[in-house]
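Here, each number is a calculation from the coordinates, and none is a lab measurement. Predicted model only: the values in this text are computed from it and were never measured. Using ideal geometry, Cβ is built from the backbone for each residue, glycine included, and neighbour counts are taken over all protein chains shown.
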């Protein structure tokens, strides 16, 4: 099962290294990581997604919660939160495929951010399925570069 | 100066821990980190932004390049690449401030992704200045939660 771990951590040197070492020590490969400042300068939010069993998640959370720089850590349940990721994708095009490529962008509401003689770079925002869907449609046209953010997630509603 | 470090790394356990340990060992606090899979399953792209002096950047890059799981690492120059980040922001509103809050969203082209009785959650994509600008405008209305991705970046044009 895919889990999304969200933690509030001190904005100080070494925190990401300490948290990710917990995964390295258990030889666990997470899918993505994202960490940046929040509305309070001294606090960062770190989000890690990974595919693992529920027993493992429980002990990972316990170990992460024990780190001194971590003030809060939890997993987010799919129905309770809004999750988004973004990707920049550079895809090849020719005179003949241009219209088709632009139509794919339109369907996925991907915005063109840069264009060359042979490639177009677009930005897409959405949940994992949407980003994966666009990548699948563009693959036959030749993906030259792809840069994906980790996931960001907030609880739905007022909580 | 703000630097954006982009690296291609093996998609395997421990890589993010090893790279971030380089920063921890020098007591350097980076601004953001983002790492996720690329178009090739066995390769991930890792992007770190940080504010530091040029002499430090050079030795950091050397040390990161020496890690066995890192196949490519470089800094991206501002003019050469498209950089984007995303944020989810939950902000408070009342009957009286609703219109004003919605107008701010419109100016920044922020999309509403969830709404409660007292808060609205929006998604914003852009460069750091744009995301910072929206946060500044929303702060007086009470930011309840904020989750920011790290930066993603690709070279402009066909390269």
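Quick look at the values:
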| quantity | calculated |
| --- | --- |
| Teacher prompt: residue A:159 distances to equivalent labels in other copies, 7 Å Cα→Cβ, nm | 4.7 |
| Across the identical copies, how the residue B:107 labels are spaced - nm, sorted shortest first, 7 Å along Cα→Cβ | 3.8 |
| Residues of the stretch B:111-148 with amide N under 14 Å of the 7 Å Cα→Cβ point at residue A:80 | none |
| Over the stretch A:2-76, relative contact order from alpha-carbon pairs under 8 Å, at least 6 apart, % | 49 |
| Relative contact order for chain A, counting Cα pairs under 8 Å that sit 6 or more residues apart, in percent | 28 |
| Value of D in µm² per second that Stokes-Einstein yields for chain A, Kirkwood Rh from Cα pairs, at 25 °C (0.890 mPa s) | 140 |
| Within 10 Å of each Cβ in A:118-131, the average number of Cβ atoms from other chains | 2 |
| Calculated label separations, residue B:92, copies of the chain, 7 Å along the beta-carbon direction, nm | 5.5 |
| Rounded FRET efficiency, nearest 0.05, which uses the C-beta distance separating residue A:117 from residue A:25 and R0 of 41 Å | 0.30 |
| Helix-only mean residue ellipticity at 222 nm for the protein assembly as shown, each DSSP H run of n ≥ 4 adding -39500 (n - 2.57), per residue, nearest 500 | -8500 deg cm²/dmol |
| Segments B:17-23, B:60-66 sorted - mean Cβ within 10 Å per residue, highest first | B:17-23, B:60-66 |
| Average partner coverage of A:2-15, which counts Cβ from other chains inside 10 Å | 2 |
| Label-to-label distance, nm, for residues given as residue A:132 and residue A:72 (7 Å Cα→Cβ offset) | 2.9 |
| 10 Å Cβ neighbours from other chains, averaged over peptide B:104-116 | 2 |
